[in-house]
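The values are calculated or read from the model by the stated rules, or taken from the named source; none is laboratory data. This one's a predicted model, so the numbers in the text were calculated from it and none came from an experiment. No Cβ is skipped: glycine too gets one built from the backbone with ideal geometry, and neighbour counts run over all protein chains shown. When the accessible area is computed, the model is the full protein with side chains, heavy atoms only, and any ligands, DNA or RNA have been set aside. Shrake-Rupley method; radii C 1.70, N 1.55, O 1.52, S 1.80 Å.
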Amino acid sequence: MSKDEKDKVQIIDKELDLSNAGRGVWLVKVPKYIAQKWEKAPSNMDVGKLRISKTPGQKAQVSLSLTPAVLALDPDEKIPTEHVLDVSQVTKQTLGVFSHMAPTEGATAGPNNGKENGSAVAAATTDSEKLYMEGRIVQKLECRPIADTCYMKLKLESIRKASEPQRRVQPIDKIVQNYKPVKDHAHNIEYRERKKAEGKKARDDKNAVMDMLFHAFEKHQYYNIKDLVKITNQPISYLKEILKDVCDYNMKNPHKNMWELKKEYRHYKTEEQKDEEKTKSDGSSDSD
């Protein structure tokens, strides 16, 4: 959703049904294997039986037994059926349970021809959405399985699965062509052949190198050392010795790290000289 679309979203205040606000609700934390079973169970199935045994002067004992119908959803998976619920009171917090009744497809579906139909559908959707407060949490319960043989096998299997490495080394029957190693790449071979064809750079006569440099600087005022090496085909150390005699190395922008001929070897005019000549020519034209 773009920023413009977010700005166009209309915030609608909805009424909250508080008819069940005074009802006490239990918040129960169950193991993962129970939650997975209950998610698979249909809505009309009994998933468990809760037993509360009260003894005078003692804390009430709460237990949970899973029904055979839930266990039959996946017969191959053996899970504990008997569980004990540890009860704790909620005193320093105010927690509530809320539900949201989403609109049905029939209420939202319909022709959307024009703004009037669109607004009518939006109004119907808003009216069909309802929010309820189902109650206030008064007790927290943690479902804990009884440590029997079935539970120990379940924990042992979970520990074994957690300890298995996710990546394994597997032998292969045939060579995988997509990842076959290459002894040498084509661009490396081409580079070596080109270097071999060029041969080792030999030092030419200093005057001949200076002639090549002067000829190059006739075309451009500034050069990088790499470009001069390509032009002269000389070793870089030998070329730098000659450049120090006839060129200046720029240390500042805008031509940083570039070589330029010294003033005594330049045949072109600098910007200051051009400005002076232009001023003189303007003055002579005015006097005429």
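Brief remarks on what is shown
- Residue that is nearest to LYS37 (Cα to Cα), among those in segment 70-86 that are in a loop (DSSP other than H, G, I, E, B) and of a type in the set (A, V, I, L, M, F, W, C): LEU73
- 3 or more residues aliphatic (A, V, I, L, M) and open to solvent by less than 60 Å² (accessible area, probe 1.4 Å): qualifying helices (runs of 4 or more DSSP H) within segment 180-246: 206-217, 225-232, 236-246
- Scan of segment 20-41 for residues that are under 28 Å from PRO75 (Cα atoms) and open to solvent by less than 60 Å² (accessible area, probe 1.4 Å), ordered by number: VAL30, PRO31, TYR33, ILE34, ALA35, LYS37, ALA41
- Flag if ASP46 is in contact with a Ser or Thr (Cβ under 7 Å, 6 or more places away or on another chain), charged (D, E, K, R) and assigned to a loop (DSSP other than H, G, I, E, B): yes
- Flag for VAL70 being more than 28 Å from GLY96 (Cβ to Cβ) and hydrophobic (A, V, I, L, M, F, W, C): yes
- Test for LYS49: is it among the basic types (Lys, Arg), free of Cβ contacts under 8 Å to residues at least 60 places away in the same chain and on the phi < 0 side of the Ramachandran plot: yes
- In segment 247-270, the residues that are in contact with a strand residue (DSSP E or B) (Cβ under 9 Å, 6 or more places away or on another chain) and part of a helix (DSSP H, G or I): LYS263, TYR265
- Scanning segment 247-270 for residues that are surrounded by fewer than 16 Cβ atoms within 10 Å (Cβ to Cβ) and of a type in the set (Asp, Glu) yields a total of 2.
- Here ILE172, ILE146 are screened, and the one residue that is surrounded by 10 or more Cβ atoms within 10 Å (Cβ to Cβ) and under 44 Å from the mean Cα position of the chain (by Cα) is ILE146.
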